[in-house]
Amino acid sequence: MSKPILYGFPISIWASAPALASAELDVDVEYKVIDLSQGDNFSPEFLKHNPNGTLPALVHNGKSYISTVEVIEYLVSVSSKKVAPATSITTVVHEDKYDPNFAFVASRNDEEFAQVSNGIGAGFTASRLAGLRKYAASPEAQPHKEFYDKQITKISSLDALLKGNAPDEGKQQFFALSTSLWENIKVFAIETLPGAINEGPFIGGAIPGQDDYHVGAWLARIACLCGAKKSEEGVAALEKRFGPLPEKVKKYWAEWIVRESWTKAYPDNNLH
């Protein structure tokens with residue numbers, strides 16, 4: 001019987017969630033890399049599997065699962081291990097107001113904007129846009145023209161902003177959205193997450209449940225963006241940005257980063 005094919009990218013935040021899940025649940029998958037930095041998620045070939053052009057995606061027995069939630073639900077359904085089911089916090093952590101991908105380029109002021117516009121975020125956006133335009137120009141792209149037009153408009157706007165080619169009004173709006181994003185992220189880390197942990201140390205109880213695969217990956221990205229390069233630096237980085245963390249959150253992090261699944265999703269404990 002063929003293995004499920006899991007499409008991901010090593011530094012994709014939401015592709016890290018099923019990486020945690022598959023390791024925790026002992027589900028053997030064939031992993032295929034889709035290079036987000038080159039816009040390969042926009043290739044007509046990949047759009048056959050996921051018309052949204054997003055990661056993760058999983059394909060098995062002719063059926064595609066095209067969101068983080070769908071992929072993890074599938075992995076849970078085929079595993080012999082029983083874990084706590086997802087609750088509302090899984091839906092919440094995927095809301096735009098906590099978006100860890102926007103946080104990758106978010107800038108609240110000119111100082112942060114200078115760092116982002118001269119850093120990885122701007123280069124990543126530019127290379128993705130180049131890949132997107134390349135794929136959009138191919139004959140195979142014609143059935144997806146509406147999709148390509150929408151994506152080019154969206155990413156071109158961000159690329160122009162990060163290159164300093166957008167009106168000042170757009171830059172100030174970007175600052176306001178970024179400020180709101182980080183305020184929301186702080187609320188999630190300080191209030192929402194500990195409120196979802198009951199007996200703990202995980203939301204799912206003694207071991208990670210469905211919620212934890214999503215929230216653990218999200219928290220890893222936020223810790224990384226707060227300055228943590230290694231897992232053991234996570235709490236200090238989060239507290240430097242947000243202030244003292246609730247004990248439940250510190251315990252949550254400490255219990256996650258020593259699990260075998262974590263070291264598989266984050267090799268050498270390098271956060272991303």
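Couple of notes before you dig in:
- Cut-off 13 Å between beta-carbons: net charge of the residues surrounding Leu25, Lys and Arg +1, Asp and Glu -1: -2
- For region 5-83, the antiparallel share of DSSP beta bridges with both residues in that region comes to about 60%.
- The DSSP beta bridges internal to the chain are antiparallel in roughly 65% of cases.
- For the pair Gln142 and Glu70, the difference between a 0.36 nm per residue extended length and the Cα-Cα distance amounts to 23.2 nm.
- With the gyration tensor restricted to C-alpha atoms of region 110-211, the semi-axes of the equivalent ellipsoid amount to 35, 23, 12 Å, longest first.
- Label of the coordinate-derived value, Cα extents along the principal axes in Å, listed as (i) 46, 42, 36; (ii) 50, 50, 32; (iii) 54, 47, 44: (ii)
- Ignoring lysines fewer than eight residues from Lys81 along the same chain, the ones with Cα atoms less than 30 angstrom from its Cα are Lys3, Lys32, Lys63, Lys230, Lys248, Lys250, Lys251, Lys264.
- Normalised Debye scattering of region 1-142 at q = 0.09, 0.20, 0.21 Å⁻¹ gives log10 I(q)/I(0) of -0.33, -1.24, -1.30, counting only Cα atoms as equal scatterers and leaving out solvent.
- Among Ala254, Ala19, Ala166, the largest mean-square fluctuation in a Gaussian network model of the chain, built with springs joining Cα atoms closer than 10 Å, belongs to Ala166.
- What the Cβ-Cβ distance of Lys163 and Glu260 gives, at R0 = 41 Å and to the nearest 0.05, is a FRET efficiency of 0.45.
- Calculated P(r) tail over 18 Å for region 5-83, as whole % of Cα pairs: 33
- For region 129-235, the dipole from Cβ point charges (+1 on Lys and Arg, -1 on Asp and Glu) about the Cα centre works out to 520 debye, to the nearest 20.
- For the pair Asp28 and Glu112, the difference between a 0.36 nm per residue extended length and the Cα-Cα distance amounts to 26.1 nm.
- Candidates Val258, Val27, Val59, ranked by Gaussian network fluctuation over the chain, Cα under 10 Å, top entry: Val258
Each reported figure results from applying straightforward, stated rules to the coordinates on display, with no laboratory input. This structure is a prediction, so every number in the text was calculated from the model and none was measured. Counting neighbours? That spans all protein chains shown, and the Cβs are built from the backbone with ideal geometry, glycine included.
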